Amino acid sequence: MLLHIPEVLPRDQLAGFRERLARADWLDGRRSAGHQALAVKHNQQLADDDPLARELAAQALAALERNPLFLTATLPARIFPPMINRYAGGGSYGNHVDNAVRVLPDGTRVRTDVSATLFLSDPEDYDGGELTIDDTYGTHTVKLPAGDLVIYPSTSLHRVTPVTRGARIACVFWVQSLIRDDAQRTLLLDLDLAIQRLNRSGAEPDVAVALGGTYHNLLRMWATP
Ligand code: NI
């Protein structure tokens, strides 16, 4: 499932970060790259302990926890906190699949089921920098307004095309889902959204209750810790 979730971070919240990001202390993005990614990753990122990175990551996480579409689409068990990266001056990230497991500072392992990019720059502010994702339905190109999020299966081959003007700043993070399998997760999202529509329509409340039960029983059957 590739899903666009609009307005995760409100514009007024973003505005406060823009100026600080413009004069932030950017480091070489290869610091956090795995062996395979080293050759293809050409970007910059903020250190995990940079106060600006921590503040922005905390606000992004708080916004995600309040976002009903994000929660029902990802069914998070754990979230690997956002890293803030920047592409400029031809910077790009070639074809790769994200590492399967990431380790938190306390040693907790996070299996990456869902990859996410929260755009912090507006598309008018840079050329290139498209997130390009291959899946069984073809190739998708994503370039969203600042504050919008895209999620996609971490199993996907993807890349960021070179930024030839301006700078593209984004948060990237990963979700370990209660539902490991993307097809099962997609089915649960479709079912949940249909039940929500049924509830809003006010028709046949008993049917909505029955389908709600089926939703939770499927979730119980498939969920892994
Ligand atoms: Ni990636």
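The values are calculated or read from the model by the stated rules, or taken from the named source; none is laboratory data. These figures come from a predicted structure and were not determined experimentally. FYI the Cβ positions are ideal-geometry reconstructions off the backbone, even for glycines, and counts take in every protein chain you see.
Is it true that some residue in the stretch 185-193 is within 16 Å of the ligand (Cβ to nearest atom) and under 20 Å from the mean Cα position of the chain (by Cα)?
No, every residue in the stretch 185-193 fails to be within 16 Å of the ligand (Cβ to nearest atom) and under 20 Å from the mean Cα position of the chain (by Cα).
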Worksheet item: Of Arg200, Arg165, which residue is out of contact with any strand residue (DSSP E or B) (no Cβ under 9 Å at 6 or more places or on another chain), of a type in the set (Lys, Arg) and more than 16 Å from the ligand (Cβ to nearest atom)?
Response: Arg200
Discussion item. Being surrounded by fewer than 18 Cβ atoms within 10 Å (Cβ to Cβ) and within 27 Å of Thr108 (Cβ to Cβ) is the filter here; which residues of the stretch 185-215 pass it?
Written reply: Thr186
Practice prompt. Return yes or no: is Thr136 within 23 Å of Leu9 (Cβ to Cβ), in the same structural domain as Thr117 (by TED's automatic domain parsing) and surrounded by fewer than 13 Cβ atoms within 10 Å (Cβ to Cβ)?
Written response: no
Worksheet entry | Those residues of the stretch 190-223 which are touching a residue at least 40 places away in the same chain (Cβ under 8 Å), within 16 Å of Arg180 (Cα to Cα) and among the aliphatic types (A, V, I, L, M), in sequence order | Leu219, Ala223
Worksheet item: Taking interchain pairs and intrachain pairs at least six residues apart, which have beta carbon atoms under 6 angstrom, with the first residue in the stretch 148-166 and touching a residue at least 40 places away in the same chain (Cβ under 8 Å) and the second away from the ligand (no atom under 15 Å from the Cβ) and among the small types (Gly, Ala, Ser)?
Response: Thr161/Gly128; Pro162/Gly90; Pro162/Gly128; Val163/Ala88; Val163/Gly128; Thr164/Gly128
Practice prompt. Select from the stretch 5-20 the residues that are surrounded by 13 or more Cβ atoms within 10 Å (Cβ to Cβ) and touching a helix residue (DSSP H, G or I) at 6+ places or on another chain (Cβ under 7 Å) and write down the one among them that is farthest from Ile169 (Cα to Cα).
Written response: Ile5
Worksheet item: Quick one: how many residues across the stretch 168-225 are acidic (Asp, Glu) and assigned to a helix (DSSP H, G or I)?
Response: 4
Worksheet entry | Wholly enclosed strands (runs of 3 or more DSSP E) of the stretch 20-107 bearing at least 3 residues touching a residue at least 60 places away in the same chain (Cβ under 8 Å) and within 17 Å of the chain's Cα centre (by Cα) | 76-88
Fill in: Those residues of the stretch 95-115 which are within 12 Å of the ligand (Cβ to nearest atom) and more than 12 Å from Thr155 (Cα to Cα), in sequence order
Asn95, Arg102
Discussion item. Looking for something assigned to a helix (DSSP H, G or I) and modelled with pLDDT of 95 or more - is there at least one such residue anywhere in the stretch 136-144?
Written reply: no
Worksheet, complete the sentence: Residue pairs qualifying under the 6 Å Cβ cut-off, at least six apart or on distinct chains, with the first in the stretch 135-147 being in contact (Cβ under 8 Å) with a residue 24 or more places away in the chain and the second being in a strand (DSSP E or B), are His140/Ile133; Val142/Leu131; Val142/Val150; Leu144/Phe119; Ala146/Phe119
